[in-house]
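Computed from the coordinates by the stated procedures, all read-outs in this text should not be read as laboratory data. These numbers come from a predicted model, not from an experiment. So basically every Cβ, Gly included, is an ideal-geometry build from the backbone, and we count neighbours across all protein chains shown.
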Amino acid sequence: MGLGVIGALAVGLVIAAFVRLWARRQIASATESSNAAALTPGRRAALDATLKAYEDRWRRQLGAELRAQLALRMLARRLGDPDIEALFELARTDGVMPIVNRFARFNQHRDLIVSLFKHPPARRVLFKRLVAKSLALGVQ
């Protein structure tokens, strides 16, 4: 479960990065065009407005989802083998699978991530490294 979710999260982040890169290249291509008619001030304003509307729309629709995925990804990067084993043990013994079955969606992981963060045994495993590192650094 842990590696599959993390892999899916990574795929989502990569897709978002490719969409943003594509949009930037489209703007750069239009800007660098030697054809003066290709990007008149009116067309530039229309392109800017379209891209702004697109970015606002995807941020509104996907922003919370991507932030939740990023939060889990940042935590998962700090997990060691014993932590991952502990997560698998939780999945096997401590009621995590009903949470997964209830909240897992193919392209929408936020509800599952939030539910795992709210589940005390999963929260202990996920945040153990973060807390230990903070204490070692003297962060309060």
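Note on segment 77-109: residues that are of a type in the set (S, T, N, Q) and surrounded by 14 or more Cβ atoms within 10 Å (Cβ to Cβ) total 1.
Just one residue in the set R105, R110 is basic (K, R) and in contact with a Leu (Cβ under 8 Å, 6 or more places away or on another chain); that residue is R105.
Residues that are closer than 25 Å to W58 by Cβ and in contact (Cβ under 8 Å) with a residue 24 or more places away in the chain number at least 3 in the following helices (runs of 4 or more DSSP H) confined to segment 72-126: 110-118. Is there any pair linking a residue in segment 39-65 that is on the phi < 0 side of the Ramachandran plot and without any contact (Cβ under 8 Å) to a residue 60 or more places away in the chain to one that is polar (S, T, N, Q) and assigned to a helix (DSSP H, G or I), with Cβ under 9 Å and at least six apart or on different chains, and which? Close Cβ pairs satisfying both conditions: L39/T31; R44/T31; L47/Q26; L51/Q26. Of everything listed in (1) loosely packed, with under 13 Cβ neighbours inside 10 Å; (2) more than 30 Å from V125 (Cα to Cα), the single unmet condition for M74 is (2).
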